[in-house]
Amino acid sequence: DQQVKQNSPSLSVQEGRISILNCDYTNSMFDYFLWYKKYPAEGPTFLISISSIKDKNEDGRFTVFLNKSAKHLSLHIVPSQPGDSAVYFCAASPRNAGNMLTFGGGTRLMVKP
Amino acid sequence: ETGVTQTPRHLVMGMTNKKSLKCEQHLGHNAMYWYKQSAKKPLELMFVYNFKEQTENNSVPSRFSPECPNSSHLFLHLHTLQPEDSALYLCASSRGQGAGPETQYFGPGTRLLVL
């Protein structure tokens, strides 16, 4: 059973608008969460992370929100750009094993010019 | 060369072949990882090495054999693979500070096709 789920396999957004990518998890031991971006023929690239002691972390156009009670996190991209078109993976690790990442299945984001 | 590199980028092998995948990290990290990404499935962690010692084997079949001669290099030796082993194999590295949270940095992957 998948412990990290990204229920939307794809998302299409107009350039300049907000992209919201969602991720749900089931393991209450997870306390560190990351988002990666992956272009075709490349490995995943680290984007942004958040610790469970926070509920928001911002880095430029990218903001990650964490709702621990709902076991839900989301990545907001504002404004979206065509170069943001990629597959986005969320990942989580437990507090006693920070290097054991569990990944979601990914969401393909398409930003239309 | 910067970051995490992997060779070869593409590999086609028969079920009776023996081949090796190579990973090298230039980030001064102490932990290295092998992941497998099959079509339409999430990345699956295969092996973890911390300071050259294997600390995790995620129930991987013995036809996959990792080797970590030093903190900068990681190999995955392949023998008698099956067609269902065809996948993207990704290497990653991280600082290896202990139990705390870590960000992993990935190589570009090796696309493997087993015929």
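Values as computed for the structure displayed
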read-out: Residues that are in contact with a Ser or Thr (Cβ under 8 Å, 6 or more places away or on another chain), not in a loop (DSSP other than H, G, I, E, B) and not hydrophobic (A, V, I, L, M, F, W, C), drawn from region A:82-110; value: A:Asp84, A:Tyr88, A:Ser93, A:Thr102, A:Thr107, A:Arg108
read-out: Residue satisfying condition, being in contact with a Phe, Trp or Tyr (Cβ under 8 Å, 6 or more places away or on another chain), modelled with pLDDT of 90 or more and within 20 Å of A:Leu34 (Cβ to Cβ), within set B:Leu21, B:Leu43; value: B:Leu43
read-out: Some residue of region B:59-77 being in a strand (DSSP E or B), more than 10 Å from chain A (Cβ to nearest Cβ) and more than 12 Å from the chain's Cα centre (by Cα); value: yes
read-out: Pick from region A:16-54, criterion of a type in the set (D, E, K, R) and in contact with a Ser or Thr (Cβ under 6 Å, 6 or more places away or on another chain), ranking: surrounded by the fewest Cβ atoms within 10 Å (Cβ to Cβ); value: A:Arg17
read-out: Among residues of region A:91-105, those that are touching a residue at least 60 places away in the same chain (Cβ under 8 Å), within 13 Å of B:Glu44 (Cα to Cα) and either within 7 Å of another protein chain (Cβ to nearest Cβ) or among the hydrophobic types (A, V, I, L, M, F, W, C) (or both), counted; value: 6
read-out: Selection from region A:67-106 of residues that are surrounded by fewer than 22 Cβ atoms within 10 Å (Cβ to Cβ), under 15 Å from the mean Cα position of the chain (by Cα) and not basic (Lys, Arg); value: A:Asn67, A:His72, A:Ser74, A:His76, A:Val78, A:Asp84, A:Ser85, A:Ala86, A:Val87, A:Thr102, A:Gly105
read-out: Filter result (within 14 Å of chain A (Cβ to nearest Cβ) and within 17 Å of the chain's Cα centre (by Cα)) within region B:78-101; value: B:Ala87, B:Leu88, B:Tyr89, B:Leu90, B:Cys91, B:Ala92, B:Ser93, B:Ser94, B:Arg95, B:Gly96
read-out: Qualifying residue in region B:49-70 (condition: buried (at least 17 other Cβ atoms within 10 Å of the Cβ) and among the hydroxyl-bearing types (Ser, Thr, Tyr)); value: yes
read-out: Condition check for A:Ser74: in a loop (DSSP other than H, G, I, E, B), more than 13 Å from every other protein chain (Cβ to nearest Cβ) and more than 30 Å from B:Thr7 (Cα to Cα); value: no
read-out: Test: residue in region B:22-39 that is closer than 29 Å to A:Asn96 by Cα, part of a strand (DSSP E or B) and basic (Lys, Arg); value: yes
read-out: Complete set of residues in region B:3-53 that are more than 13 Å from every other protein chain (Cβ to nearest Cβ), polar (S, T, N, Q) and either more than 12 Å from the chain's Cα centre (by Cα) or more than 22 Å from B:Thr80 (Cα to Cα) (or both); value: B:Thr16, B:Asn17
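Table: residues versus (1) surrounded by 15 or more Cβ atoms within 10 Å (Cβ to Cβ); (2) modelled with pLDDT under 95; (3) closer than 29 Å to A:Arg95 by Cβ.
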residue	(1), (2), (3)
B:Gly14	no, yes, no
B:Ala31	yes, yes, yes
B:Leu81	yes, yes, no
B:Arg95	yes, yes, yes
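The values are calculated or read from the model by the stated rules, or taken from the named source; none is laboratory data. Note that the structure is a prediction, hence the values are computed from the model and not measured. Backbone-built Cβ (ideal geometry, glycine too); neighbour counts: all protein chains shown.
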